[in-house]
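Please read the structure below before turning to the comments.
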Amino acid sequence: MWHKKRVSLNMGETEQRPTAGSRLGAQENAGISTLEHGQKLPPTPPGKLVSIKIQMLDDTQEIFEVPQRAPGKVLHDAVCSHLNLVEGDYFGLEFPDHRKMMVWLDLLKPIMKQIRRPKHIVVKFVVKFFPPDHAQLQEELTRYLFALQVKQDLAQGRLTCNDTSTALLVSHIVQSEIGDFDETIDREHLAKNKYIPQQEALEDKIMEFHLNHMFLGFCFCRGQTPAESDFQLLEIARRLEMYGIRLHPAKDREGTKINLAVANTGILVFQGHTKINAFNWAKVRKLSFKRKRFLIKLRPDVNSSFQDTLEFLMASRDFCKSFWKICVEHHAFFRLFEEPKPKPKPVLFSRGSSFRFSGRTQKQVLDYVKEGGHKKVQFERKHSKIRSIRSLTAQPSEQHSESSSFTFGDDADAPAVQSCQQGKELKVSAEDAEQRRSPSLRKSPKEGRRVDGVVMATMEEEEEIVKDRTQQNRTQSQQPSTAGSLTGSPHLSELSINSQGGPPLANTSLSPNLSPDAKQSSPLISPLLNDPSGIRTDDEEEVRRKRCPADKAYFIAKEVATTERTYLKDLEVITSWFQSAVSKDDCMPETLKNLIFSNFEPLHKFHTSFLKEIEQRLALWEGRSNAHIKGDYQRIGDVMLKNIQSMKQLTIHLRKHNEILMELENGIKNSRKLETLCRDFELQKVCYLPLNTFLLRPLHRLMHYKQIMERLCKHYPPNHTDFRDSRAALAEVSEMVAQLHGNMIKMENFQKLHELKKDLIGIDNLVIPGREFIRLGSLSKLSGKGLQQRMFFLFNDVLLYTSRGLTASNQFKVHGQLPLYGMTIEESEEEWGVPHCLTLRGQRQSIIVAASTQAEMDKWTEDIQMAIDLAEKSNGPAPELLASSPPDNKSPDETTVDQESEDDLSASRTSLERQSPHRGNTTVHVCWHRNTSVSMIDFSIAVENQLSGNLLRKFKNSNGWQKLWVVFTNFCMFFYKSHQDNHPLACLPLLGYSLTMPSESENIHKDYVFKLHFKSHVYYFRAESEYTFERWMEVIRSATSSASRTRVLSHKESHVY
């Protein structure tokens, strides 16, 4: 018998009857799915109450009494409120209609118009939207309900996979319900509970996997908590082809029986249970249905063999319309930033369906949970016999990482636990042990903080911005590496579990993988995984510090080694990865191939030998070999002098880089195939920066050598044995920098103009001789509609203003240009009553703009005035920059948006998944999201301030420190598991962040710790020495607080190149 309770809802208030949350002492209405923090349930129409039976995911039944005229949203919100469910937007209510077809409850229509005979209908509360990565689910309760949905789908045969994956899934369910492995208890439990059809044949394999959950590597540990088991269950399930799939029978044009399905990535086509095709949202221009025909109109693609419009025949118009509605909702939930506004009602005639998605989008849900506008509550697991709820050490990242290992808690009888990877004993305090003995439930695990993309599910808006490359290509990896993915972001090796087959897993610590298309995941969404091997004890740290020399010269030499490792990896992007991509496609002229690779390969060969020599010297310095003579080797100047002198012979290759950059851009301009190849290569995780940036790296590296030798000479007294060699090396490298510096400045401007060209649409001739980039950033433009955010681009002859376009590539569309010749600028805060306001008066038009802060306004005023002065000294007005078509016309990639019509569902709206993710994590997009700006001088300083090395990282609410290899470049911190990795796990753009020292109240109590914070996002980083701490502070400060032009220029003058 199902358990039943009654909940009455009238005029928006709930009867005072016990709920799932109140029985455990939680406050009522702690979280309601579609309401913002502080809002109450909307008042519902008065009238007669009707009882609706809701079957929950744990198979209990609740009876809700709602007014007859109440819309479906009232019932949905009442269920979420009853469960204290914050992330209720992922769930829906489904019921059989009068044709016995399961349909979703429409949240906007009255309930009684949808459920005709409520006394005879049981409405099911189930998961409706399956995100690409369960790490995007912030609440333990949400993940528990998702785990129940997976359990239900397994039992019903909806989630099909091979026997190994099935047994592994069931073993995690068993672990969650009965705890650690015990053969007798396991057999009894499996005999009483049927999780899958024909379960008997897999019982031995299920028990084998259940036993393995008590082991980490080859060491015995306490088993997983229910929360950890839920996480691992979802980690495995999301990799299966049928995860979250509901099949809708159809036929193609040839009459072949197929099944259609919709997911977060787009529309899928199955033959039986095998996926045979997929249409990503970015490729879909319009969805519509006409009677029984379901139509998909695709965007034009010269490389595709698909027809422009695909047609599928379904059983009836009702089936067809039902599937169309589901597609509309999935597109809106996963792709839009906010709920679509209702379409105005026509005066006379209406055409098509008025259906639209109602509720918060995934981005709005993620933002709401991140802002912390809710209170975490305890909950009861109906099927679990384990009462204690232990917390995860870290929430796995949105990005993919090598493994998702957790530090396990233990029972009262176990006062200590062995760390299997370190072999160290972790002590458990008496208070902790006492807390474990307490029968009361503890709070659910706190979420670990995530690091991009991108990129990159979301740690913060970076997760969109960076979403780096890391958020949008989660499932299909395009790079030549075999690494696994951390949600579409960088990936290390991961265990493969799929519906076709997979090896038995002794340890199910899996890595998360993100997104659609190639699915990555989401910005910088992704916490890096806290893996026990990365957690260092204080004893380890002390031993390590005592072993290393304390001389500042040693840490300067070590900086040479760490940055050289990164530089060598950057060279390999060209000499290995790009060369491999080019060799597979005959689209690059042989002359261009020879020009690029014949000049980069000698550099790679030389620096490989150089790095080896530096590392050998450091080993001698540290006493790791030949300790009795180490005194003769505590220096680095001789090694630097020898190699810098040898490097002079490579100057001929360095002088070719200007030609390489220009010829590559010309090749891309003249060849669509080469353009496509380079664009696709930039999507690979190994290409973590724009491709042409890597072409400038050798020149940048010379500047780094010069700066390092300056610090070394400043540190040494004149009588030091290493001073003479160090000073000679500085003189040699300074001469090389002086010879190449002018060329490098021109190349950086040329590279920046071409990079901006990719971010802008509506421009014909951005890159012309004599044009120089000065500043880009976000300002608000005052118009008849009020202040509207716009992106401004300042050059030495013209000022452009743009808006972020609705194209799939997420570019910025140019709205207008203001030639600087004859322009005047004046402050107009008092005139318009807008803070930080400026009026720009051109010869043909004037605009009013407002900056976010006084500091931003001062930077823009200073740079615009300087640019005006430069324009006045030139020969006259700049040429027209806009494309020949008017700025308001749609580009070929854009379509009009008319989603509510039966004949249209546009896929061109702003989205969490983008067709060209590499255009969604650039500096331009970071400035847009952070409402800030950067100048060319900032970019030049960023080139000088690059740094690599190991740091210990800690989240605000975590306990341990995780060791990561960190590369700082291009205003971002890129995180790796180790320096040997080919691509980053995550990226954190630092524009807009604040850099401070932890306060006493934060209880860090460690040396050499700095703090990064932006809004509610807080990260602590710990360096190994005073020198490295100061260096990290110095380079990060250059990204978090851009200097004024006056101060920067005086700084530049002190460095004669």
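The values are calculated or read from the model by the stated rules, or taken from the named source; none is laboratory data. Source: prediction; values computed, not measured. Neighbour counts run over all protein chains shown; Cβ positions are idealised from the backbone, glycine included. Ligands, DNA and RNA are excluded from the accessible area calculation, which covers all protein heavy atoms including side chains. Shrake-Rupley method; radii C 1.70, N 1.55, O 1.52, S 1.80 Å.
Sorting check: for 994-1002, 861-869, which peptide has the highest mean count of neighbouring beta carbons within 10 Å, and how do the rest follow?
Numbers: 994-1002: 11.6, 861-869: 17.1.
Listed from highest to lowest mean packing, they are 861-869, 994-1002.
Pulled fully out, how much extra length does the chain show between S803 and Q865, if you take 0.36 nm times their separation in residues and subtract their Cα-Cα distance?
Full-extension gain reported as 20.0 nm.
I need the peptides 650-658, 149-157 ranked by packing, meaning the mean over residues of other C-beta atoms within 10 angstrom, with the highest value on top.
Values: 650-658: 16.4, 149-157: 19.1.
Those peptides, ordered most packed to least, come out 149-157, 650-658.
Give the whole-number value, in cubic angstrom per residue, of the convex hull volume spanned by the C-alpha atoms of segment 57-195.
Details: hull volume 20.1 nm³, N = 139.
It comes to 145 Å³ per residue, whole-number rounded.
Between E338 and K109, what is the label-point separation in nm under the 7 Å Cα-to-beta-carbon projection?
2.8
Using a 1.4 angstrom probe on the protein heavy atoms only, could you order K205, K859 from most to least accessible area?
Working: K205 70, K859 35 Å².
Sorted descending by solvent-accessible area, the residues read K205, K859.
Return the FRET efficiency for the residue pair I276, T676: r is the Cβ-Cβ distance, R0 is 30 Å, and the value is rounded to the nearest 0.05. Don't skip to the answer; put the middle values down first.
On the way: r = 25 Å, r/R0 = 0.84.
For I276 and T676, the calculated efficiency is 0.75.
Any chance you could get the radius of gyration and Dmax over the Cα atoms of segment 99-169, in Å?
My reading of the Cα-based Rg and Dmax gives 15.8, 46 Å.
Are any of the pairs K552/K752; K685/K752; K370/K685; K194/K956; K648/K963 more than 31 Å apart by Cα-Cα distance, and if so, which? Present the calculation step by step, with values, prior to reporting the outcome.
Details: K552/K752 36 Å; K685/K752 21 Å; K370/K685 26 Å; K194/K956 42 Å; K648/K963 37 Å.
Over 31 Å apart, Cα to Cα: K552/K752; K194/K956; K648/K963.
Rounded to a whole number, what % of the accessible area of segment 953-1015 do carbon and sulfur atoms account for, probe 1.4 Å?
42
Hey, if we sort V814, V377 by accessible area with the 1.4 Å probe, largest down, what's the order? Each step should come with its number before you reach the end.
Values: V814 5, V377 25 Å².
Largest to smallest exposure gives the sequence V377, V814.
Per-residue accessible area for D938 at 1.4 Å probe radius, Å² rounded to 10?
10
Give me the orientation-averaged projected area of the Cα convex hull of segment 156-272, in nm², one decimal. The partial results should precede the final answer.
Numbers: hull surface 35.6 nm².
Orientation-averaged projected area of the Cα hull: 8.9 nm².
For segment 742-792, which trypsin sites (Lys or Arg not before Pro) pass both filters: DSSP loop (anything but H, G, I, E, B) and at most 15 other C-beta atoms within 10 Å? Before the final figure, lay out the partial values.
Working: sites: K746, K752, K757, K758, R771, R775, K781, K785, R790; in loops: R771, K785.
The qualifying sites are K785.
By how many nm would the segment from S783 to Q739 lengthen if fully extended, with 0.36 nm per residue of separation less the alpha-carbon distance? It would help to have the intermediate numbers written out before the result.
Details: separation 44, 0.36 × 44 = 15.84 nm, distance 4.94 nm.
Stretched out fully, the S783 to Q739 stretch lengthens by 10.9 nm.
Calculate, for R655 and T60, the FRET efficiency according to 1/(1 + (r/R0)^6) with r their C-beta to C-beta distance and R0 45 Å; round to the nearest 0.05. Each step should come with its number before you reach the end.
Details: r = 75 Å, r/R0 = 1.67.
Once rounded, the FRET efficiency stands at 0.05.
What nm value, rounded to one decimal, do you get for the distance between N957 and D308 when each label is placed 7 Å out toward the C-beta?
5.2
Efficiency by 1/(1 + (r/R0)^6): what FRET value for K593 and T853, r their Cβ-Cβ distance, R0 = 41 Å, to the nearest 0.05? Don't skip to the end; give the middle numbers.
Details: r = 48 Å, r/R0 = 1.18.
The formula returns an efficiency of 0.25 here.
Distance cut-off 25 Å, Cα to Cα: go down the list K382/K954; K286/K363; K706/K873; K584/K605; K669/K873 and report the pairs above it. Numbers along the way, then the final one.
On the way: K382/K954 34 Å; K286/K363 22 Å; K706/K873 35 Å; K584/K605 23 Å; K669/K873 32 Å.
Check vs 25 Å cut-off fails for K382/K954; K706/K873; K669/K873.
Between S576 and T996, what is the label-point separation in nm under the 7 Å Cα-to-beta-carbon projection?
It is 4.2 nm.
Mind grabbing the accessible area of F270 for me, 1.4 Å probe, Å², rounded to tens?
Answer for F270: close to 0 Å² accessible.
State the volume of the convex hull built on the alpha-carbon positions of segment 729-784, expressed per residue in Å³ and rounded to an integer. Before the final figure, lay out the partial values.
Numbers: hull volume 7.4 nm³, N = 56.
Taking only Cα atoms, segment 729-784 has a hull volume of 132 Å³ per residue.
Across all directions of projection, what mean area in square nanometres is found for the Cα convex hull of segment 925-1029? The partial results should precede the final answer.
Numbers: hull surface 30.3 nm².
Averaging across all directions leaves 7.6 nm² for the Cα convex hull.
For segment 132-207, give the percent of accessible area contributed by carbon and sulfur heavy atoms, probe 1.4 Å, rounded to a whole number.
That share works out to 48 percent.
Got a number for the accessible area of Y195? Probe 1.4 Å, square angstrom, nearest 10.
10
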